[in-house]
1. Among (1) at pLDDT 90 or above; (2) part of a helix (DSSP H, G or I), there is one condition B:K79 misses while meeting the rest; what is its number?
2. Got a sec? Which of B:S67, B:S34 is part of a loop (DSSP other than H, G, I, E, B), at pLDDT below 90 and either acidic (D, E) or exposed (fewer than 13 other Cβ atoms within 10 Å of the Cβ) (or both)?
3. So which residues in the stretch A:104-118 are out of contact with any Lys or Arg (no Cβ under 6 Å at 6 or more places or on another chain) and part of a helix (DSSP H, G or I)?
4. Quick check on the stretch A:119-162: of everything there that is among the hydroxyl-bearing types (S, T, Y) and in a helix (DSSP H, G or I), which residue is modelled with the highest pLDDT?
5. Restricting to the stretch A:163-177, and then to whatever is assigned to a loop (DSSP other than H, G, I, E, B) and under 20 Å from A:T112 (Cα atoms), can you tell me which residue is modelled with the highest pLDDT?
6. If A:W184 meets every condition in (1) surrounded by 22 or more Cβ atoms within 10 Å (Cβ to Cβ); (2) at pLDDT 95 or above; (3) within 22 Å of A:C100 (Cα to Cα) apart from one, which number is that one?
7. Can you tell me which residue among B:L31, B:L46, B:L69 is in contact with an Asp or Glu (Cβ under 7 Å, 6 or more places away or on another chain) and more than 7 Å from every other protein chain (Cβ to nearest Cβ)?
8. Among the residues of the stretch B:39-69, write down those that are among the small types (G, A, S) and more than 16 Å from A:T112 (Cα to Cα).
Amino acid sequence: MEAEALSWLDEQERARARRFIGAGPRRGFALCRAALRALLCDELRCSNEQLAFGASEHGKPFALVQGLPVDINFNVSHSGNHGLIALAPEGRLGVDVEECTPHRNLDTLIETVFTPDEQAELALIEGEERPRAFFRLWTVKEALVKAEGTGLSLDPSLFEVPPAMRRGASSAVFAFPRTPSVRWRVERFDGDDFVAAIAHELDPAI
Amino acid sequence: MASTAERIRQLVSENIEVDGKALDVPEDLNLSLSDAGVPSTDIVALGKLIAQDFNVTFTLDDCATFSDLSKVAAFIDSKSA
């Protein structure tokens, strides 16, 4: 299946696949990228050969058909055996999926990416629920950072996951402190061994 | 005393696994962790651990220039020169 997926990719994507060190991450990349191509070709009514990708200054990819940028937003994430792809005709998108496996540096991560209030809430959670609680907040932040598209210039410890989602709600509306007029719809969904989140920019007219 | 490069290689191998095996970084540190498929959680945690180990601070602008681990070592060495 991986070989078939790789056959869908262009040379630049295959070169990227070769740079992956582990077989698992390489396979995840190839399958998700081929699936993304299939979805975009269907949505844009183009052939796989006509489809290519460019990247913004901060590395966020965008689609090109016959060399021209097209109006569609997409984002991809994969972790372990799970992949997540979202498409939208309008509004920026970000997604993140994470397998809920124990992380050896969980405490370091918590103090690096969360606000003091978020850290205090996570400190109350112990045992097997702690990694899942961590990833529930992490995926929301990662999806928002990816959606916003400015990469490392957006410090995840400088904004909070919406309080309703920290109390268990599966969705909320969010705005970054530095751009309060831009609103995002954030949704979270969990499986037995993964958590995921999607952030989608809301139409300012609504 | 371990060189900066040796210590970074050690921190990576102690803290990052790919497919269940410790990640082996080349001696010249010519490796981009994100290109290699290392999860963002591992990259963020490693950045914090390296900063603590070498007693340096990475700003977000600094991190944006770290295209591979050799750039991290060069940054650290420039701070201690």
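1. Failing condition for B:K79: (1).
2. Being part of a loop (DSSP other than H, G, I, E, B), at pLDDT below 90 and either acidic (D, E) or exposed (fewer than 13 other Cβ atoms within 10 Å of the Cβ) (or both) holds for just one of B:S67, B:S34, which is B:S67.
3. Initial filter on the stretch A:104-118 (out of contact with any Lys or Arg (no Cβ under 6 Å at 6 or more places or on another chain)): A:104-107, A:109-111, A:113-118.
Listed by number, the residues that qualify are A:L106, A:D107, A:L109, A:I110, A:E111, A:V113, A:P116, A:D117, A:E118.
4. My answer is A:T139.
5. Checked the stretch A:163-177; the qualifying residue modelled with the highest pLDDT is A:F176.
6. Among (1) surrounded by 22 or more Cβ atoms within 10 Å (Cβ to Cβ); (2) at pLDDT 95 or above; (3) within 22 Å of A:C100 (Cα to Cα), A:W184 violates only (3).
7. B:L31 is the lone residue from the list that is in contact with an Asp or Glu (Cβ under 7 Å, 6 or more places away or on another chain) and more than 7 Å from every other protein chain (Cβ to nearest Cβ).
8. B:A64, B:S67
The values are calculated or read from the model by the stated rules, or taken from the named source; none is laboratory data. The shown structure was predicted, so the numbers you read here are calculated from the model rather than taken from an experiment. All Cβ positions, glycine included, derive from the backbone under ideal geometry; neighbour counts span all protein chains shown.
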